[in-house]
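Step one of this worksheet: look at the structure below.
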Ligand SMILES: Nc1ncnc2c1ncn2[C@@H]1O[C@H](COP(=O)(O)OP(=O)(O)O)[C@@H](O)[C@H]1O
Ligand SMILES: [Mg+2]
């Protein structure tokens, strides 16, 4: 495999396994930093392969393809969490510098392993259990109350591995769902069951940690999910209790340290009403939903809204460079995802893109070069405002732009 062409000056090459939008968005800051990226892409037209000159095509499950790719890089990181354990082990045996390490990554790849580890660390989780059969699901639901949430431990994203089970008479449908062809991830370890958390909203803590242990945390954000897909992020989370924000940040940093995460770590949280006197007496608390060990949708706001965006920080972290300042640059930044439209003619994205730019020059548009499919994330927009009272207006501007690009609003 031909290696990437190195820049003069002894600059390292960062390899990224997976050519999706996250790898693609590392390229802008990598160019500015003078760092070479090389991506192991699914296809020549993968989102990242379109913008990174060194983009050999290979399957992330093919151990020899991944080993050959890694030999051309100084460090290797990931666009997604789906590289199988045997491939990761082979890279470690070859002495490849992997960030995050397989030991850490396991807790983002496997939601059951994650629940066990967080419970051992004493971190707040929803009540949960592992179930291997329908009786175990019924027993769990009867214990914690219906409905319950069932999750495939591996391979899910955008809510695709998540199913709500309304009652004991609906458990058979769950079994059918799990057996359906194409369901993400193997189930040999059982399915993860969780109580359905009556959260007031969803939050996310994003931190970065370098191999030498330096860490930095962005402000805690609010995330809005529709049908399991993130549609909006508000940075910082409006009205968040200061003590809760501090404890959530502490939890993010603690998880990064205890698990030995290198690179960006996202911790998804549910904010829940807490009894006064509990957890610091602020009347609100949180439980951890899940972890991601890579740049994350909840951090896209930081590309325009923070001194150091998550993609720059991830590149710095995996190279063990000093980390950048994660502070917000504005009072508020709102991120709205652009999902593929479902109306005829929506593949004509370019005219809509021109309109959005003309209508509001303050909107920062990020598109991923991906084909439009209904519900698929094809881009996002960021809107920042210095006005402390400007959140609602920024939200309106961001969602308007995202909806216009989707084709669901026409003016
Ligand atoms: N235990 C739960 N209680 C209530 N809602 C949940 C629970 N688990 C997940 N959800 C909802 O489903 C969404 C997706 O679940 P998550 O485990 O984060 O899967 P994914 O890996 O697809 O992001 C969450 O953001 C939340 O809106
Ligand atoms: Mg999630």
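Any read-out appearing in this document is the output of simple, stated calculations on the displayed coordinates, not a laboratory observation. The model shown is predicted, which means the values in this text are computed figures rather than measured ones. Methodologically, a virtual Cβ is constructed for each residue, glycine included, from the backbone with ideal geometry; neighbour enumeration extends over all protein chains shown.
Things to note:
- Radius of gyration over Kirkwood radius for the chain, both on Cα atoms: the Rg/Rh ratio is 0.96.
- Cβ crowding within 10 Å averaged over residues, with 361-374, 38-51, 222-235, 308-321 ranked highest first: 308-321, 38-51, 222-235, 361-374
- Centre separation in Å (Cα based) which lies between segment 21-59 and segment 82-114: 21 Å
- Tensor-based shape of segment 1-156 (alpha-carbon gyration tensor, a/c under 1.5 rounded, otherwise prolate or oblate): prolate
- Rounded FRET efficiency, nearest 0.05, which uses the C-beta distance separating residue 57 from residue 386 and R0 of 45 Å: 0.50
- Helix-derived mean residue ellipticity, 222 nm - over the chain, DSSP H n ≥ 4, -39500 (n - 2.57), to 500: -9000 deg cm²/dmol
- A Gaussian network model of the chain, with springs between Cα atoms under 10 Å, assigns the largest mean-square fluctuation among 179, 21, 103 to 179.
- Candidates 104, 388, 129: whichever shows maximal mean-square fluctuation once the chain is modelled as a Gaussian network with Cα springs under 10 Å: 388
- Cα→Cβ-extended label distance, 7 Å offset, between residue 225 and residue 176, nm: 2.4 nm
- For segment 13-98, taking Cα atoms only, Rg and Dmax work out to 11.7, 35 Å respectively.
- Theoretical FRET efficiency, 1/(1+(r/R0)^6), r = Cβ-Cβ of residue 130 and residue 358, R0 56 Å, to 0.05: 0.60
- Take each peptide in 91-102, 287-298, count the other Cβ atoms within 10 Å of every residue, and average; sorted highest first, the result is 287-298, 91-102.
- Per-residue packing, averaged as other Cβ atoms within 10 Å, sorts the ranges 260-266, 118-124 into the order 260-266, 118-124, beginning with the highest.
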